[in-house]
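Here is the structure we will look at.
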Amino acid sequence: MQTRPVGRHAVLVEVASPQDAVALAAWARPRGLAGEVVSGAETVLFDGVGDAQALAHALGTWTPEATPPGPEVELPVVYDGPDLETVAAHWACDPDEVPARHAATAFVSAFCGFSPGFAYLSGLTGSVPRLATPRTRVPAGSVALAGPWCGVYPVASPGGWQVVGTTDATLWDARRVEPALLAPGTRVRFVAR
Amino acid sequence: MTLQVVATGPSVLVQDLGRLGWAHLGVPRSGALDLPAAGLANRLVGNPAEAACLEVLLGGLALSAERGVWVAVTGAACEVVVDGRQREFGSAVRVAAGETLRLGRPASGLRTYVAVAGGITVEPVLGSRSTDTLGQVGPPPVRVGDVLPVGESARAPVAVDTPRPPSAGPLRLLAGPRADRVVGDAVDLLCRTSYTVSPDSDRIGLRLVGEPLPLSTTAELPSEGVVLGAVQVPPDGRPVVFLADHPTTGGYPVVAVVDERDLWQCAQLRPGEAVGFTRAARG
């Protein structure tokens, strides 16, 4: 575990995998070690660190096994996306097989970014490139892939991910106790409709 | 008690200290860009630090008061006029029932702050009344015709307040997590380069124009969490200083971090103005 300084009040901790980043962040957040604990793809950012020594000590006691698995969410999805054929080409399979392969994947929300409630879901084995030209508007609920990640657009926005389907689940609602449906650590399964 | 919005300039936003503790869900912190100015305005009218005020870009705001109320105008200095009478900038000013407060256009700086005794009490979202311009969390931007709710004022206004706004100077730089992506010493190079403010700067970031920083690789990093004040360098080598509405994660390297005590200056720098950096003292 390597740490990198980030200004005066923050530390970036490098870990081995998205799974470890999620696990460390979930373990550290309730311990009050920092104001913000933000997982990334292979890092955890501790921002607003009050006591750097206490943080360093706590990090020394953590192991990936110390974190229980997160909650599980099932997302109903209609596989009607415009990019099914492109994804099939990159996965070297028939377009009809993409939904089954996607729905069979055990995803875990690794981190959020891009917009509130937009989760980067890890678990895919294949990788797909972004669109060469991003779309100016991707509808809310679009289920899409880019690189090793799957994501669901919480609101309509511009986007360059390959869209494979649509869900009517509410990904983001600031009035909910848990505003983000797919907060980091959440295990996600897509169910074909 | 309410304030009716009679006129706005290019942008008027409700802002407070920001929305902390939600970065892991992709929610920017938001909050007033010039925190010392917003804090001074709140203190002058007897508000607590967390009261919401108005962040006014390049003046032009006019507000009509339903009842008599104390206000204070700080930040980028501008004319303060109440029903045609010139009033003092940077102190508590009484606006009587039915009177209209008008702000002129600042001669320098960008953002003027208007605090109202009792604070602007729009509905908080995730613990803050700030408008986040990146993720659209919080109240929508203030528009002509809006009726802004104002809370009960707790304390009397303050005639004299210290400290006054800090003085401007080069932005102090601390170590960033990806300084090793720069060919050479990132802080030294930033300090030696002449930058000006790009016109596409906003509440998300202060974009800098100048000699590109030499990067050892332009490959994106796996996305990682980003702090307020981060100096991020995209593949074109032109640094961006992340301000309050910055994205919470990103894939471009953060090569240095601006001391948070200097970020208020980024709120007030106009496009084309010079930006200088200096290495922060340790500690």
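Key figures
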quantity	calculated
Odd one out for A:Val13 among (1) farther than 22 Å from A:Gly160 by Cβ; (2) in contact with a strand residue (DSSP E or B) (Cβ under 7 Å, 6 or more places away or on another chain); (3) in contact (Cβ under 8 Å) with a residue 60 or more places away in the chain	(3)
Candidate set from the range B:205-224 (those that are touching a Ser or Thr at 6+ places or on another chain (Cβ under 7 Å) and surrounded by 15 or more Cβ atoms within 10 Å (Cβ to Cβ)); member that is nearest to B:Leu134 (Cα to Cα)	B:Arg207
Candidates A:Val152, A:Val164, filtered to the one that is at pLDDT 95 or above and away from chain B (no Cβ under 14 Å)	A:Val164
When residues of the range A:70-115 are limited to those that are closer than 16 Å to A:Val164 by Cα, among the hydrophobic types (A, V, I, L, M, F, W, C) and surrounded by fewer than 16 Cβ atoms within 10 Å (Cβ to Cβ), the one farthest from the other protein chains (Cβ to nearest Cβ)	A:Ala100
Residue within the range A:50-59 that is outside the structural domain of A:Val15 (by TED's automatic domain parsing), touching a strand residue (DSSP E or B) at 6+ places or on another chain (Cβ under 7 Å) and outside any loop (DSSP other than H, G, I, E, B) present	no
Those strands (runs of 3 or more DSSP E) lying entirely in the range B:154-209 with at least 3 residues within 14 Å of another protein chain (Cβ to nearest Cβ) and in contact with a helix residue (DSSP H, G or I) (Cβ under 8 Å, 6 or more places away or on another chain)	B:171-175
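The values are calculated or read from the model by the stated rules, or taken from the named source; none is laboratory data. Fair warning: this is a prediction, and the values are worked out from it, not measured in the lab. Don't worry about glycine lacking a Cβ; one is built from the backbone with ideal geometry, like all the others, and counts go over all protein chains shown.
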